[in-house]
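Comments concern the structure below.
The values are calculated or read from the model by the stated rules, or taken from the named source; none is laboratory data. These numbers come from a predicted model, not from an experiment. Note: ideal-geometry Cβ built from the backbone for every residue, glycine included; neighbour counts use all protein chains shown. Side chains included, ligands, DNA and RNA excluded: accessible areas come from the protein's heavy atoms. Shrake-Rupley method; radii C 1.70, N 1.55, O 1.52, S 1.80 Å.
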Amino acid sequence: MSTIRQIQVTFDCAEPERVARFWSEVMGYVVPRLPEPSGAWAVCEDPSGAGPRMYFQRVPEGKVAKNRVHLDVRAGTGLVGAERLAALEAECARLVALGAVHLYTQFADEENESCITMQDVEGNEFCLD
């Protein structure tokens, strides 16, 4: 049995290049220059090679339901309380300026720290945590 060493995250979308540019800004990734962009797909990659490649493929149908899988963007790792919430809100503001939508903030309680649920430029949900 082989050991899996890498994964690729694949998004179905209407505008692959637009979505790839958005996620490259979110993650600090790069969009490699393609000899002939097809419009049917696009990618963005971690320049360090540590993170997974993200692949965006055009599909004819639109998004109709909540994602079954979503990304957690780790903007508040190691932070707690007001310091964590401030970091999440600052990242939320940056991503809204890129075209994301802030859906709601879940504030800390006795069990969980704060997190923010958002949508990317095509409505795919993701969390800032």
Worksheet item: Counting only heavy atoms of protein chains, what accessible area per residue, in Å², does segment 1-47 have with a probe of 1.4 Å?
Response: 71 Å²
Discussion item. I need the phi-derived Karplus couplings for segment 85-91: 6.51 cos²θ - 1.76 cosθ + 1.60, θ = phi - 60°, integer Hz, Gly and Pro marked x.
Written reply: 4, 4, 5, 5, 5, 5, 5
Practice prompt. Count the DSSP beta bridges whose two residues both fall in segment 1-96, then state the antiparallel fraction as a percent rounded to the nearest 5.
Written response: 45 percent
Discussion item. Test of understanding: in a Gaussian network model of the chain with alpha carbons linked when under 10 Å, which of L98, L88, L34 would top the mean-square fluctuation ranking?
Written reply: L34
Fill in: Length added when fully stretched, E36-L79, from 0.36 nm per residue minus Cα-Cα
11.1 nm
Fill in: All Cα pairs of the chain, percent lying beyond 24 Å
34 percent
Practice prompt. Please give, to one decimal in nm, the separation of the simple spin-label points placed at R5 and H102, each 7 Å out from Cα toward the Cβ.
Written response: 4.2 nm
Discussion item. Using a 1.4 Å probe on the protein heavy atoms only, what accessible surface does D109 show? Give it in Å² to the nearest 10.
Written reply: 90 Å²
Fill in: Candidates T117, T105, T77: whichever shows maximal mean-square fluctuation once the chain is modelled as a Gaussian network with Cα springs under 10 Å
T77
Item to complete: Please give the length that would be gained between A86 and K63 if that part of the chain were fully extended, namely 0.36 nm times their separation in residues minus their C-alpha to C-alpha distance (nm, one decimal).
Response: 5.2 nm
Worksheet item: Among the GluC sites (Glu not before Pro) within segment 1-99, which fall in a DSSP loop and have no more than 13 other Cβ atoms within 10 Å of their own Cβ?
Response: E61
Discussion item. Given the whole protein assembly as supplied and a 1.4 Å probe, what does the accessible area of S48 come to in Å², nearest 10?
Written reply: 90 Å²
Worksheet entry | Candidate residues E125, E113: accessible-area rank, largest first, probe 1.4 Å | E113, E125
Fill in: Where chymotrypsin sites (Phe, Trp or Tyr not before Pro) fall in DSSP loop in segment 47-129, at most 12 other Cβ within 10 Å
F107
Worksheet item: Counting DSSP beta bridges with both partners in segment 61-129, what percentage is antiparallel, nearest 5?
Response: 75 percent
Worksheet item: How much accessible surface does M54 have with a 1.4 Å probe, in Å² rounded to 10?
Response: 10 Å²
